[in-house]
Amino acid sequence: MSKKTAWDIVMLARDAQRPKAKDYIESIVDDFIEFHGDRAFGDDKSIIGGIGRINGTVVTVIGQEKGSTTKEKMERNFGMTNPEGYRKALRLMKQAEKFHRPIITFVDTPGAYPGLGAEERGQGEAIARNLMEMSRLKTPIISIVIGEGSSGGALGICVGDKIAMLENSVYSVLSPEGFASILYKDASKNKEAAEKMKITAKDLKELGIIDDIIKEKDKQEENLEFVSSELKEYITKTLKKLTKLKTEDLLDLRYEKYRKIGKMEE
Amino acid sequence: MVIDKIKKVNNAEGEKPQKNTKAADMLVGKWVKCDACKEILYKDDVHKNFSVCPNCGKHFRISARRRIKQIIDEGTFIETYENMPETDPIHFDGYIKKIETLKEKTKIQEAVTTGFGEIHGNKVVIAVMDGNFLMGSMGSVVGEKITLAIEDAIKEKLPFIIFCVSGGARMQEGMISLMQMAKTSAAVAKLDDAGLLNITVFTDPTTGGVTASFASLGDIILAEPNALIGFAGPRVIEQTINQKLPEGFQRSEFLLEHGFIDKIVERKDMKKTLAQILELHKN
Ligand SMILES: [Zn+2]
């Protein structure tokens, strides 16, 4: 396990065989019902949103979905979210706040979609608004990086009270390939970049960016069942702690969690 | 015309304008060439014209120092958090050295300057980003200074104004830089909860993590003419869609048309526009 390089983990995080948000939702959320649309432009299929029960607790679930088959990957834009996806997520999260439901987000994206339409419809504004609104939603939020958490496109649904990562997932400011080509002027130095960037669950826990790491099996085919059960236990346990807090304390702790990142003594 | 005069003087002195002079380093020396209309301009005329080309109206990129002079009443600016120590969270080779060299060379402390000041007598907290410092990228110092400035506005119950120019998150700081987006946006939420005015101004260019955080969250969002404003950079989009971008794509006028900014304001009118908005929010 500890023998894996950061690049090995990038490869695992992107592995097509890896369980996706939809798989985990099917496996751990009972009575799940999916809801669609941002009420302004459309329904972004790179984001699945809806409600259901996890161990008896009703929650709102938001998940970035890359798709499994070629057809589904196309439909879901390979998990690259458009502004209407972030806006759908925010609409459902505000609904969760109204009905006092905790929110669980599953993060898995190569990045927000860099397309013409995305820019026309305010990709920057959509992500920015999610960051601002998630920071003050009066309900507990747990964010879990399940595969590839790349850039602002991942952060846009990842402002949790607790952030967890699957053992073989990555979370980064940009892809190692992008980092290598910009900072090393050599895209082939992706492996070196992956190591340097500190993007693995272990590194990010040490840096204080994430709170918890969820174990995985080495064999991909065993992971759906194993990780699902780990996820269920983690979510149940964490919600128990978060729902005990007064809303005021929950929000103060959330503010402080992000406030302290990159804080220096003058 | 000024331009003709300059041409004459230029010819008389036999000076040849340098080719490929970039806007960023143009404002050095006596003569400058506009990278938009290619006119040769007398430096003092450009300065007197708010660093805008007197010929074609191109808004040149300006330093935070010059911006503050243009916006804040003389003698009222009090800088805050000037000597914030640098951090190197992922120990990126040569990063601290690069920053130190840059500070030495540019005499700029970081990619944002913060402080208190007055605009036509209206007290504000102001933050001004500087593209001359690592492309205005947001690392922990930038994120921290902006957050502290917002918290100052909340404490002192003052309006907050930020001039944005940025290439996005500072990659050399890895995930710590990405998290500054969440940190600054959470601070903006507090400012909003406190019922205080938040004015953001897009200047050329503002992209990436700054567009996707505080820059897009103003109660009132202004922009200078023809500023590049976007989440993804134009080159990334071209590579993705495999075609050239249409003329004017991701420019201020495009964003105004698509409903993402309130008003385009020429630099010469910026101070009085801000003052007008501030006056209208007094009660
Ligand atoms: Zn010109």
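Numerical summary
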read-out	value
Options B:76, B:147, B:101; residue that is outside any helix (DSSP H, G or I) and of a type in the set (Ser, Thr, Tyr)	B:76
Any hit, segment A:26-46, residues being modelled with pLDDT of 95 or more, part of a helix (DSSP H, G or I) and under 27 Å from residue A:175 (Cβ atoms)	no
Search result, residues across segment A:108-147 that are in a loop (DSSP other than H, G, I, E, B), more than 7 Å from chain B (Cβ to nearest Cβ) and among the aliphatic types (A, V, I, L, M)	A:137
Residues within segment A:218-266 that are under 30 Å from residue B:86 (Cβ atoms) and assigned to a helix (DSSP H, G or I), tallied	8
Among the candidates B:170, B:251, residue that is surrounded by fewer than 22 Cβ atoms within 10 Å (Cβ to Cβ), of a type in the set (D, E, K, R) and out of contact with any Pro (no Cβ under 6 Å at 6 or more places or on another chain)	B:251
Candidate set: segment B:36-48, residues that are near the ligand (Cβ under 8 Å from one of its atoms) and under 11 Å from residue B:60 (Cβ atoms); chosen: the one farthest from the other protein chains (Cβ to nearest Cβ)	B:41
Sole residue being away from the ligand (no atom under 16 Å from the Cβ), within 30 Å of residue A:192 (Cβ to Cβ) and touching a residue at least 60 places away in the same chain (Cβ under 8 Å), chosen from B:89, B:85	B:89
Residues that are more than 12 Å from chain B (Cβ to nearest Cβ), surrounded by 17 or more Cβ atoms within 10 Å (Cβ to Cβ) and over 30 Å from residue A:18 (Cα atoms), drawn from segment A:225-266	A:250
Qualifying residue in segment A:154-168 (condition: within 11 Å of chain B (Cβ to nearest Cβ), closer than 15 Å to residue B:173 by Cα and modelled with pLDDT of 95 or more)	no
Verdict on residue B:101 being farther than 20 Å from residue B:227 by Cβ, in the same structural domain as residue B:172 (by TED's automatic domain parsing), among the polar types (S, T, N, Q) and away from the ligand (no atom under 16 Å from the Cβ)	yes
Hey, residue B:225 assigned to a loop (DSSP other than H, G, I, E, B) and farther than 24 Å from residue A:134 by Cβ or not	yes
Considering residues of segment B:146-158 that are surrounded by 24 or more Cβ atoms within 10 Å (Cβ to Cβ) and either over 15 Å from residue B:213 (Cα atoms) or at pLDDT below 95 (or both) only, the residue farthest from the other protein chains (Cβ to nearest Cβ)	B:153
Extreme residue, nearest to the other protein chains (Cβ to nearest Cβ), among residues of segment B:187-213 that are among the hydrophobic types (A, V, I, L, M, F, W, C) and either under 20 Å from residue B:276 (Cα atoms) or without any contact (Cβ under 8 Å) to a residue 24 or more places away in the chain (or both)	B:189
Any hit, segment A:182-199, residues being assigned to a helix (DSSP H, G or I), within 19 Å of residue A:106 (Cβ to Cβ) and away from chain B (no Cβ under 11 Å)	no
Only one of B:177, B:216 that is within 25 Å of residue B:94 (Cβ to Cβ) and facing chain A (nearest Cβ under 7 Å)	B:177
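Rundown of residues vs (1) of a type in the set (A, V, I, L, M); (2) loosely packed, with under 14 Cβ neighbours inside 10 Å; (3) modelled with pLDDT under 95; (4) not in a helix (DSSP H, G or I), yes/no style:
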position: B:20; (1), (2), (3), (4): no, yes, yes, yes
position: B:28; (1), (2), (3), (4): yes, yes, yes, yes
position: B:32; (1), (2), (3), (4): yes, no, yes, yes
position: B:50; (1), (2), (3), (4): no, no, no, yes
position: B:54; (1), (2), (3), (4): no, no, no, yes
position: B:67; (1), (2), (3), (4): no, no, no, no
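The values are calculated or read from the model by the stated rules, or taken from the named source; none is laboratory data. Fair warning: this is a prediction, and the values are worked out from it, not measured in the lab. Cβ atoms come from the backbone with ideal geometry, glycine included; neighbour counts cover every protein chain shown.
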